[in-house]
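Colleague: Sharing a structure below in structure tokens format, with a few things to ask.
What follows is calculated from the coordinates using simple rules that are stated; it is not laboratory data. None of the values given here were measured: they were computed from a predicted structure. Quick reminder, even Gly has a Cβ in these numbers, built from the backbone with ideal geometry, and neighbours come from all protein chains shown.
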Amino acid sequence: MSPMIEFTHCVSRRARQLKLSLKSDGTVVVTTPPLVPKFMVRKFVESHQDWISTHQAKLQAHHKKANPWQVAIFGQSYPVTIITSAHAATKVQVVNAQLQVTLRTPPTKANQTLTEATGQPFPTAAKTAIEAFLKRTAEKYLLPRTHQLAKTMHITYGRITLREQKSRWGSCSSQGNLNFNWRLVHHPPAVIDYVIVHELAHRREMNHSRAFWTIVKQYDPAYAEHQGWLKRRGLNLS
Ligand SMILES: [Zn+2]
């Protein structure tokens, strides 16, 4: 037998039926209309065990802090090496399958090589430099690639904006402007292409109808797999 699931029971006069939700800490909440017997509430929770564990796992993955010493670029993970220097300007580059950050520091902290193995805290300045690098890299890929795919699909668009949106990989406005999350740069090119194709397809169909998915499938036959990849990473696409 599976262990009893803990839950909080909320009674609401406005509730029409039994409703299950999770708080951000993973606590299960059941909202019911008044006078629903306790055994029915419990039965309801137990019948949704799979939903609860799937979503609790998702929340946990979301809260787990990313390791700053490993940076994924286009689906490949690169270990970070930080070299401190009193003279060189701060810069980020990929060298020998590593993400190398040259960090300008005061002379007292210069001439050090920091890696995950050396155990120092990750410098904030290095994080900022890496983010700027990732954003530039995202831009270098997304802009020409969108242009190319739009041409193939015979679709036009307005402006492209890159942002870090907490909840979205991309969006398309009714004016035809596209918006992409620069954090897409962490994912394999095929997954990024799916997001571009998805947003461009919205230029024809501003919905997720069958006609919409037919367009997406035409230009990305493996779209379901790519969509699954992003879904497992928690953000939505609209
Ligand atoms: Zn969409």
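Colleague: Compute the separation of the alpha-carbon centres of the stretch 162-238 and the stretch 28-52 and state it in Å as a whole number.
Modeller: 35 Å
Colleague: Only bridges whose two residues both fall in the stretch 8-63 count here: according to DSSP, what percent of them are antiparallel, nearest 5?
Modeller: The antiparallel fraction comes to roughly 50 percent.
Colleague: What is the antiparallel percent of DSSP beta bridges lying wholly in the stretch 70-129, to the nearest 5?
Modeller: 65 percent
Colleague: Modelling each spin label as a point 7 Å along the Cα-to-Cβ direction, I'd like the residue 77/residue 112 distance in nm, to one decimal.
Modeller: The two pseudo-label positions are separated by 2.5 nm.
Colleague: First select every other residue whose beta carbon is under 15 angstrom from the beta carbon of residue 168; then total the charges, Lys and Arg +1, Asp and Glu -1.
Modeller: +3
Colleague: Using C-alpha positions alone, give me the convex hull volume of the stretch 70-129 per residue in cubic angstrom.
Modeller: Per-residue hull volume (Cα only) is 85 Å³.
Colleague: On to the next question. Can you give the relative contact order of the stretch 158-206 as a percent, counting alpha carbon pairs under 8 Å and 6+ residues apart?
Modeller: About 36 percent, as a whole number.
Colleague: Further question on the same structure: Could you compute the FRET efficiency for residue 96 and residue 57, with r as their C-beta to C-beta distance and R0 at 30 Å, rounded to 0.05?
Modeller: The value I calculate is 0.25.
Colleague: Translational diffusion coefficient, Stokes-Einstein: compute it for the stretch 8-63 using the Kirkwood radius over C-alpha pairs as Rh, at 37 °C and 0.692 mPa s, and state it as an integer in µm² s⁻¹.
Modeller: 278 µm²/s
Colleague: Please build a GNM for the chain, connecting alpha carbons under 10 Å apart, and tell me which residue among 154, 187, 226 fluctuates the most.
Modeller: 154
Colleague: Could you tell me how many cubic angstrom of Cα convex hull volume the stretch 135-232 has per residue?
Modeller: Spelled out: Cα convex hull of the stretch 135-232, divided by residues, is 93 Å³.
Colleague: Name the residue, out of 118, 152, 84, whose mean-square fluctuation peaks in a Gaussian network model built on the chain with Cα pairs under 10 Å.
Modeller: The residue that fluctuates most here is 118.
Colleague: Further question on the same structure: Given N residues in the stretch 1-159, what is its alpha carbon radius of gyration divided by 2.2 N^0.38 Å?
Modeller: 1.67
Colleague: Taking K and R as +1 and D and E as -1, what net charge do the other residues with C-beta under 11 Å from the C-beta of residue 190 add up to?
Modeller: -3
Colleague: Choose one answer from 39, 122, 180: the residue with the largest mean-square fluctuation in a GNM of the chain with alpha-carbon springs under 10 Å.
Modeller: Maximum among the listed residues: 39.
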